[in-house]
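The values are calculated or read from the model by the stated rules, or taken from the named source; none is laboratory data. Note that the structure is predicted; figures quoted are calculated from it, not measured. With ideal geometry, Cβ positions are generated from the backbone for all residues, glycine too; neighbour counts draw on all protein chains shown. The accessibility values were calculated without ligands, DNA or RNA, using every heavy atom of the protein model including side chains. Shrake-Rupley method; radii C 1.70, N 1.55, O 1.52, S 1.80 Å.
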Amino acid sequence: MADWSNQLMAVTVLTYLAAMVCYAAEYAFGDRSHIGRAAVRPARQLVGAGAPAEPPADYDVAAGAVARRDRGALFGLIGVGLNWLAFALHLGTAVTRGLAAGRMPWGNMYEFIIAVTLVGSAVWLGVLTRRPAVRHLGLFVTLALVVLLGAAGLIAYTPVGPLVPALNSYWYIVHVSTIILSSGIFLIGAVPAAMFLIKTGHDQGKRRFPYPLGAKVPAAVTLERLTFRLHAFAFPLFTFGALIAGPLWAEASWGRYWGWDPKEVWAFISWVVYAAYLHARATPSVKRTTATWIALVGFATMLMNLFGVNLFFEGLHSYANAGG
Amino acid sequence: MTAVDQRPAPAAEPPPRRTVWAWALLRNSWRQLTSMRTALVLLFLLAVAAIPGSVLPQRAVNAEKVVGYFREHPDLAPFLDRLGGFGVYASPWFAAIYLLLFTSLVGCVVPRLLDHLRALRTVPPDAPRRLERLPQHAAPVAGPRDPAAAAAAAAAGLRRRRFRTVVREQPDGAWTVSAEKGYLKETGNLFFHFALLAVLVGVGFGNWYGWHGNRLLVQGSDRGFCNSVTQYDESSLGPRIEASDLPFFCLRLTDFVATYQDTGQPKSFGARVEVQTEQDGPWKPDEFRVNHPLRLPQANVHLLGHGYAPVLRFTDRYGEQQTKTVPFLPRDQMLTSEGVVQFPDVNIDPKTNKRNEDLQVAFEGVYLPTVDPNGSPTSVFPAERSPALFLTAYRGNLGVDAGLPGSVYALDRGQLANGELKQVSGARPQRLTAGQTWTLDDGSKLEFLGTQQFATLSIRYDPTQPLVLGGAAIGLLGLMLSLAGHRRRVWFRVSPPEASEPGGGGSLMEAGGLPRTDYPGFAEEFEQVVAAVRDERTP
Ligand code: HEM
């Protein structure tokens, strides 16, 4: 079972990679695509945010562009299909891993990353189903997933093992599952956040890298609103997981609910930074781009907690080097 | 939006008097401090200030590591220490940031609370004259009822949708209905911010009135311990707690059960104890495990770790016997354990009855619960499958009489270095299994009788834990209400039909809607409300 999981993991990464290539192909060929038009439109006409993407009536389509549009859209659809397949494989990786270990598959850093990216993938597919217009973000989402999963396999791989007794607790399951959920959503939230900044720069006429990437993504308002909604959903979950369930478990296990262990410090930092994001977004005099930068800083602190703290600092939470 | 970004008022006329000038400065600083921008900056500072505490070792987390850091960086460490680098979360600058932040919070939230209480009691304002200017608008539609009845029906429909609703008659014969919903957003937001205050207060008082101690407890009914500062290996009391405030209880370890995977990974730990909670009261059996502490009145006993304590009987050269049970501290996951057993009061000549300090005896070494068949010096399994003790004998002055508190887990290296304490066994440690006796060069004997288990316990009490937990739970609820809620207003204007229209009965109903916070779904909700109210109007 453990071998299955490892092989599924490799196939999962490859499938995400294939989905990424398809999204990229759509991105490259599909500049006249349905989505591409939805994306260029706001530059020319003012549209109420969140309105369904429909082609403007005055759009005159060259014959060649139609063929290219179809090819681009086709790549995009294949990308979505592969993305679903990758998600199924990803789920299989986590499930077989859990079966092999005989417990929830989130006992060490490797499993934790697999679970976080799985949630991220699920949230992304959910968003995509509800709003097909954001499909162009797929390239960046799958890129993030491939990078994280690759890092999990290369840096954090741990053979299947049982949990140490301290992790064998009801609150631990609640604690870790909510953190995984919220981290996955923050992960997907970081993609529209970054694209919003790029898109805004592009709309202002900036053309140096990375601004050209903003050429075909959805309208800036749409991206910004998506960013906010994902973060507003993840933040209470994270609050519950990291600042309520975690301390409850720590109290039962170690006797103190909060001890400034490096992992706790960085969870605190992430929480404060994400709170600052929500705060900034509600402050009229703070620009939306500034607020969104704060959200990205928040995600950077989450990454720090996931990789940096597990690898560099030693604390009660460092199950990464304890070998499971 | 109820949140107003407060900025200092622009400087007024040149102040005529100094006091007024000072007052203006004070008022402006207060406004500045309680603005949302300042809160944002302080939040950011708080996050940045927390970072050093994860990079540098912290005394409160692991004091030994701080000592290690001083050894490795002798130049830098004292400097960092002066800045509070090894106690970041208790340092004045960290406190300054969060106290400023919470002052700002109070200054911001109290006026908002008053505003909100006022808003809860005031009725929604009358409809603006031109509803078509609002973000949402529904053009007038004719209905059969007269304006007053139609307005009343609309108001009833809105109230059923939990809008706060008022109906007003206008001088021109029209009726307006004003409705507002979503007060819970601000309520939730206020609950959230006040809950943050409650948590801070709770944490602060918990530090003042809490206490904790660590204790290594060896199995055996004669080795119990009672809750008092002197009986702890290590303890710390909050500044408002006296040693005499500790509640009474006594504890003894009757059994310790550990189970392991085949790999040596622990599966479960459990301690069986007897507890006495009243002076001279009965001893009651109880048990606790990792993650399931023993909850006593005003104290929680947590199981942190465990190990083995070899029982050794020493017979000195005059035939006097002494037995000691000495905990050996585990060094790794497989419970390779290190320790020392010291016998300072041995080899006392019965003729003179005087202690000869140069004939004190000690044994130092490791205990392996499962000896490696391949001969490595570490244990290969944490349970006692083939246990053995490996000891080196020393005789001489142990240095324990100098009055300096020494470690009970290691020999005084100084005494070895200055030659007052000498190794008296061979180059390789002596291997002993339970029941074996080792005879030293001077005829004295050491007998290894077996082992007892010990448990390391952390005992704590934090009186404000319920307040902190309650605050956090209310804060979370408030946060969710605040993030999910939307403040919005809806107005209806019901006018008498145009004079030109025949019949004279019936009315025209027009509607407008205003989302007061960012609310993408408002258009749909507005349409639904308008459609429903119109349906109600035509019975
Ligand atoms: C102790 C530090 C603080 C934290 C962690 C914090 C956190 C938050 C969070 C997460 C939100 C967004 C969620 C929501 O809308 O309820 C928020 C909103 C808000 N905060 Fe704070 N806050 C803090 C201090 C302050 C201070 C000092 C002020 C006043 C200057 C303030 C004023 C506000 C206002 C007005 C909103 C509502 C924004 C809206 O209308 O949506 N907060 N706060």
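Axis of helix B:36-50 versus longest Cα principal axis of chain B: the two differ by about 10°, to the nearest ten degrees.
Any idea what the relative contact order of region B:197-298 is, in percent, if you count C-alpha pairs under 8 Å spaced at least 6 apart? Worked out over region B:197-298, it gives 20 percent.
Once a ≥ b ≥ c are taken as the square roots of the eigenvalues of the Cα gyration tensor of region B:325-383, is the result rounded (a/c under 1.5), prolate (a/b larger than b/c) or oblate (a/b not larger than b/c)? Prolate shape, in that a/c is at least 1.5 and a/b is the bigger ratio.
In the structure displayed, which of A:263/B:185; A:199/B:185; B:354/B:445; A:199/A:287 lie more than 26 Å apart, Cα to Cα? Flagged as over cut-off: A:263/B:185; A:199/B:185.
Counting every pair of alpha carbons in region A:193-324, the share spaced more than 25 Å apart comes to 39 percent. For chain B, the cysteines with no partner cysteine C-beta closer than 4.7 Å are B:108. How many Å² of accessible surface get buried when A and B come together, counting both sides, probe radius 1.4 Å, rounded to the nearest 100? Roughly 4200 Å² of accessible surface disappears when A and B pair. Helix B:465-484 and the longest principal axis of the C-alpha atoms of chain B enclose an angle of approximately 30°.
Surface calculation, 1.4 Å probe, protein heavy atoms: residue A:225 sits at approximately 50 Å² accessible.
Dividing the mean sequence gap of close Cα pairs (under 8 Å, 6+ apart) by how many residues chain B holds gives a relative contact order of 19 percent. In the context of the full set of protein chains, residues of region B:53-100 present 61 Å² of accessible surface per residue (probe radius 1.4 Å, heavy atoms only).
Across region B:289-342, Cα pairs under 8 Å and at least six residues apart give a relative contact order of 24 percent.
Solvent-accessible area of residue B:73, all protein chains in place: 70 Å² (probe radius 1.4 Å, heavy atoms, ligands and nucleic acids excluded). Calculated over region A:86-162, the projected area of the Cα convex hull averaged across directions stands at 4.9 nm². For region B:161-189 and region B:287-316, write down the distance between their C-alpha centroids in whole Å. Cα centres, region B:161-189 to region B:287-316: 65 Å.
Carbon-plus-sulfur accessible fraction, region B:104-242 (probe radius 1.4 Å, protein heavy atoms only): 57%. Classify region B:186-292: rounded, prolate or oblate, from the alpha-carbon gyration tensor (a ≥ b ≥ c, eigenvalue square roots; a/c under 1.5 rounded; otherwise prolate if a/b is larger than b/c)? Cα axes put region B:186-292 in the oblate bin. Each 10 Å bin, from zero up to the one with the longest distance, holds this percent of the alpha carbon pairs of region B:291-422: 12, 32, 29, 19, 7, 1. Mind checking the log10 I(q)/I(0) for chain B at q = 0.06, 0.10, 0.12 Å⁻¹? Debye, one equal scatterer per Cα, no solvent, two decimals. The computed values of log10 I(q)/I(0) come out as -0.57, -0.99, -1.21.
Once the 1.4 Å probe is applied to the protein heavy atoms, region B:358-514 comes out at 45 Å² accessible per residue. Counting pairwise Cα distances across the protein assembly as shown, what percent come out greater than 41 angstrom? Tail of the P(r) past 41 Å holds 53 percent of the pairs. Scanning chain B for GluC sites (Glu not before Pro) lying in DSSP loops with no more than 12 further Cβ atoms inside 10 Å, the longest uninterrupted stretch between such sites is B:1-241.
Taking a straight Cα-Cα cut-off under 18 Å and skipping sequence neighbours fewer than 8 places away in the same chain, the aspartates and glutamates within cross-link reach of residue B:267 are B:255, B:287, B:332, B:384. Note every residue of region A:263-282 with a reduction of at least 30 square angstrom in accessible area, all protein chains present versus the isolated chain, computed with a 1.4 Å probe, or write none. Buried by 30 Å² or more upon assembly, which counts only protein chains, are A:265, A:266, A:268, A:269, A:271, A:272, A:276, A:279, A:282.
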